[in-house]
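The values are calculated or read from the model by the stated rules, or taken from the named source; none is laboratory data. All of these numbers come straight from a predicted model, not from anything done at the bench. Backbone-built Cβ (ideal geometry, glycine too); neighbour counts: all protein chains shown. What goes into the accessible areas is simple: the full protein's heavy atoms, side chains included, and nothing from ligands, DNA or RNA. Shrake-Rupley method; radii C 1.70, N 1.55, O 1.52, S 1.80 Å.
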Amino acid sequence: TTKKGSANSPASINIDQQYGVSNLANKKPFESFMNSKELTDLWVETGYRTQSQVDDLLKQYPNDTKWYQYYYQKNVPTYQTNLSVSGGGNKTTYYVSGNYFSQEGLAYRSAYKRYSVRSNVSSTVTKWMKFGLNFFISYDDRQTNPYGSNSTNRGLAMLAQPFYSPIDPTTGKEYEGIIPGWGRYAPNYLADKNPSIGNNLQIDPSAFIEITPIKNLTLRTQAGMDAYIYTSQSNRLPSYAGSLNNGSTSQSYERGVERTITNTAEYKFVVNTNHHFTLLAGQEYNDYDDNSFSGSSSGQSDDRLILLQNGPNNKSVSSGRTQYVYNSYFGKFDYSYLSKYYFSATIRQDQSSRFGIDNRNANFWSVGVNWKAKKENFLADIDWLTDLSVRANIGTSGNSAIGNYQSLATVGTSQYDGATGWNISAPGNPSLAWESQIQSSFGVNFTLFDRARLDVLYYRRTTKNMLVDVPYPYTSGFASVTSNVGALENNGLDVSIDFDVLKSKDAYITPYVVMNYNKNKVTKLFQGKDYWIIPNTGVSWAIGKPVSFFYPIFDQVNPQTGAPEWYLPDANNPTITQKDPTKVTSDFDPNVLQQNTGLPLNSPFNGGFGLKGGYKGIYVQADFSFYNKKYLINNARYFYENANVFTGFNQSKVVANYWKKPGDIAQFPDYDNYQFMQFDSRLLENASFIRLKVLTVGYRLPTKLLESTRAIKGVNIYFTGRNLLTSTKYLGEDPEVDSNLALGTNPNTKQYTLGVTLNF
């Protein structure tokens, strides 16, 4: 809806063409692995292999392969073309655009290609009626490399021994099947023999009609649809050596549509010139319907005959459907006096099919005031204060982000002895209701000397009746039941600053900073618990504390014995972080040793900074982002720093620093008696970072230079780099992962893009 034409304007044509390449944003994690000599020296030193065995091995495989250069491609291309035409006459405006986008991923079998068209048209038919039609359609092909997480076919491929090579020494080309020694199939071979692709057709039409039956009253009806058809197909060709003459295929079809209709009535009026009123009442209906089916078969014997019906074995079919409905009523009242005192109030009722029949309705409200203080007489003559406004708000809102049927006790089916059987699949919770929040805020915005702008906002948000999967005894038949329990409190400060260091006709420089500080605290749990460790996450909620990581805390490797030592938690309260060096153990039991690490799940301080600058036609923009006290479980280190568990595989260079004799200050314990790495606080890394997210440098040709062309109104040539610089102590592929844990992460990319925009 933001793309619109202008009334009484000739057609404006814009063409934007971009080409870019992507590479690994951070190579340091991949460069930290042992080379052939380092690994084989470790094997000899630990007794895993004899020197004679190592010598024979290196004679047969005289390589020193950096496997990341093989599993991740270089200079993968990105293409993008945008074409738009906009304009309008006296009563009608239009905007029409087309886009083509194509991008390959660093990993084999990862790519995205999209074609899209958009058309936005609005027209004033009479003095009292206006209508508009927006239409968007796109089609894309998408592929995602599936070998992340625990897979040595990419995510953990750095376990590959460096003396093996993916290059056939007799031909100088990559192996097309199994890589000798490493025993894994070449990634391009896997991609060719196991093709998998998804296609999505997206259609988003919307339309509105607006009438003004009497002065100041506007009635508007708007209807829209978000519809898609997604199909996917995964094949294993019969020629695949891993399952020769036994191909397989699985195909799926999914069609979903979300429909929204909104009706509003707005009345504006003025009393005695200075009192401005706006009254708005509305209703909105939203529903979603998704249908899907899939089928699979195996046993195909010819690459040319890979359809479902060509597989005689393991034929299966399934289907599914899911729906939800929302219905809302809302009202809003706005008042302003002298264009400097503002008051606003809203009230709404939301209804959702996701909740229990007696709790589907919830009412929410908000009240806000704004004072344009600069317009007061006692501030009007202060020249250095260009603008000053003060605002305050308080209000409530709701959350319904759960599954569509979790309030209902549902059944499922299974096949047994050729007949359909019934089983209870979900317990349901008829009392399930909206999660609610109440937030208050106070903000100040001012401008100094018409150059410096500062916006400060303090907020306090309390979330109650949280939607949580509460654990239940397995004897009940269910692991958890979604319920309204617990409460969480957030207090924070948002600050935004920008100022014009230089501002003239030909030049400008404007740096900026945006920051958020947020502190959360759990204030209530369930079942009388003081804390709750979310299963298999390393994350816990503890009353009176922020949501934090709970893990066994590692102390040291004992210099005299070579034994690893972990701190014993407080026997009565594991929510207290206990690091008493006299209370340690060398017996690892995660259930006994886990305690509050004191490290928060969410970064309390984050933001960005940068600048915009230019001189005549030259311009530059740099945008940095940062996170402070961000922590992430680097699960990959469990595999890469466990030399006596994953023996025979490559390891990080740091594993050479293990205890050998009394007095050694070592990173890892005695090789023969203790496991190097456990799931403990050593995996919990500081993932704080500063990153140059975007750098753009461009040049706009002078308009006088283009006048002779008569057609070209503007030319903009620019270069954009993304993720060019990153500063972090995190040892994994990408500190920006938005999760509690990283394993087999698809690494972020460093991108370079050259673009040209032409205006006609």
Semi-axes of the stretch 124-199's equivalent ellipsoid from the Cα gyration tensor, sqrt of 5 times each eigenvalue, largest first, rounded to whole Å? 52, 14, 10
Taking Rh as the Kirkwood radius computed over C-alpha pairs, what is the Stokes-Einstein D of the stretch 378-496 at 37 °C in a medium of viscosity 0.692 mPa s, expressed in µm² per second? 174 µm²/s
Suppose R0 equals 56 Å; then what is the FRET efficiency for Ile197 and Ile665 from their Cβ-Cβ distance, rounded to the nearest 0.05? 0.55
Folded to 0 to 90 degrees: helix 51-60 orientation relative to the chain principal axis, Cα: 60 degrees
Once you have all Cα-Cα distances for the stretch 629-747, histogram them in 5 Å bins from zero and send the whole-percent values. 2, 9, 14, 14, 11, 10, 8, 6, 5, 5, 4, 4, 3, 3, 2, 1, 0
Using a 1.4 Å probe on heavy atoms of the protein chains only, the accessible area for Met158 in Å², nearest 10, reads 10 Å²
Determine the share of the chain's accessible area contributed by carbon and sulfur atoms, expressed in whole percent, with a 1.4 angstrom probe. 55 percent
Among Thr728, Asn759, Val694, whose Cα projects farthest towards the positive end of the dipole of the stretch 667-760, with charges put on the beta-carbon of Lys, Arg (+1) and Asp, Glu (-1)? Asn759
Can you tell me the orientation of helix 36-46 relative to the chain, as the angle in degrees between its alpha-carbon axis and the longest Cα principal axis, to the nearest 10? 50 degrees
Tell me the Kirkwood radius of the stretch 140-274: reciprocal of the mean inverse pair distance over distinct alpha-carbon atoms, in Å. 20.5 Å
Over all alpha-carbon pairs in the stretch 305-384, figure out the percentage whose distance exceeds 19 Å. 69 percent
What accessible surface, in Å², does a 1.4 Å probe find on Ile497, ignoring ligands, DNA and RNA and rounding to the nearest 10? 60 Å²
Cα point-scatterer Debye curve for the stretch 550-669, base-10 log of I(q)/I(0) at q = 0.12, 0.14, 0.21, 0.23 Å⁻¹: -0.65, -0.79, -1.23, -1.28
Largest first and to the nearest Å, give the Cα extent of the stretch 1-87 along each principal axis. 86, 22, 15
Which order do peptides 329-340, 428-439, 132-143 fall in by mean Cβ count within 10 Å, highest first? 428-439, 132-143, 329-340
Over 34 Å, how big is the tail of the calculated P(r) for the chain, in percent of all Cα pairs? 67 percent
Accessible area per residue of the chain at 1.4 Å probe, in Å²? 52 Å²
Please give the direction-averaged projected area of the C-alpha convex hull for the stretch 90-165, in square nanometres with one decimal. 8.2 nm²
Using alpha carbons only: equivalent-ellipsoid semi-axes of the stretch 254-395, gyration tensor based, whole Å: 58, 21, 13
Calculate, in nm to one decimal, what Glu707 and Ala452 gain on full extension: separation in residues at 0.36 nm each, minus their alpha carbon distance. 88.1 nm
For the chain, calculated [θ]222 nm from helices alone, where every DSSP H run of n ≥ 4 adds -39500 (n - 2.57): -1500 deg cm²/dmol
Taking 10 °C and 1.306 mPa s as the conditions, I'd like the Stokes-Einstein D for the stretch 19-143 in µm²/s, using the Kirkwood hydrodynamic radius from alpha carbon pairs. 79 µm²/s
